[in-house]
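Here is the structure we will look at.
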Amino acid sequence: MVPQYLHQTFGLTLLLATSLAGAAEKRDPNWAQPVKVAGAQNCFKISPVLFRSAQPTAEGFQSFKKMGVRTVINLRSFHSDRKKIGDTGLAYEHIYMKTWHAEDHEVVRFLQIVTDPNRQPVIVHCQHGSDRTGTMCAIYRIAVQGWTKEQAIREMKEGGYGFHKIFFNLPRYISKLDVAAVKRRAGLPQK
């Protein structure tokens, strides 16, 4: 006779396995595609000109340079990439974004950089490549690629980037964002 706890453990394991399998199947093919980059975790290609990742190592910045990336956008508040970037020739932009309080001026600056053909391709990162990075990539989807707010927020939360539910303020910020105003301030065409 098999003890009851083994039945429960098996049942929970089976439930988890089928849930994870279903999640993988439901991933929208329009969402960012995973990219293997030495020295960078949680790395995805959003578009031909925009990549996202967690904090790269010095090796990661060298890898991005070899891939043709021109500009690094660091969204971390208390961490500089200058030493790790070294003499790679990558342009460096630091937008001091607080996870608990996104601001429109940060979005405007981000959009100005990522839409400048002279700065592309761009890699944007924060510590984990999940929340601040996810917010900016969602706004890029909306302002540049014409996605709805709902589509972009869904990718941000369910795309497999590690969104932390504690930062419920970020999807709310995106929902309330005056996209036309930030596009106008960033000098982007209105549609």
**Prompt:** Among the helices of the chain (complete DSSP H runs), which have Cα atoms covering no less than 27 Å along the helix axis and a Kyte-Doolittle mean of at least 0.0?
**Reply:** 4-25
**Asked** For Leu50, which sequence-distant residues (separation of 5 or more, or a different chain) have an amide H within less than 5 Å of its own amide H, given hydrogens modelled in the peptide plane?
**Response** Val122
**Nearest-0.05 FRET efficiency for Ser80 and His164, computed from C-beta distance (R0 30 Å)** = 0.80
**Request:** Set the Förster radius R0 to 22 Å, insert the Cβ-Cβ distance between Trp100 and Val35 as r into 1/(1 + (r/R0)^6), and round the FRET efficiency to 0.05.
**Result:** 0.15
**Helix-only [θ]222 nm of the chain, DSSP H runs n ≥ 4, -39500 (n - 2.57) each, per residue, nearest 500** = -13000 deg cm²/dmol
**Message:** Out of all Cα-Cα pairs in the range 33-186, roughly what percent, to the nearest whole number, are more than 21 Å apart?
**Reply:** 37 percent
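Since every read-out is calculated from the coordinates, none of them should be taken as a lab result. Just so it is clear, the model here is predicted, and its values are computed rather than measured. No Cβ is skipped: glycine too gets one built from the backbone with ideal geometry, and neighbour counts run over all protein chains shown.
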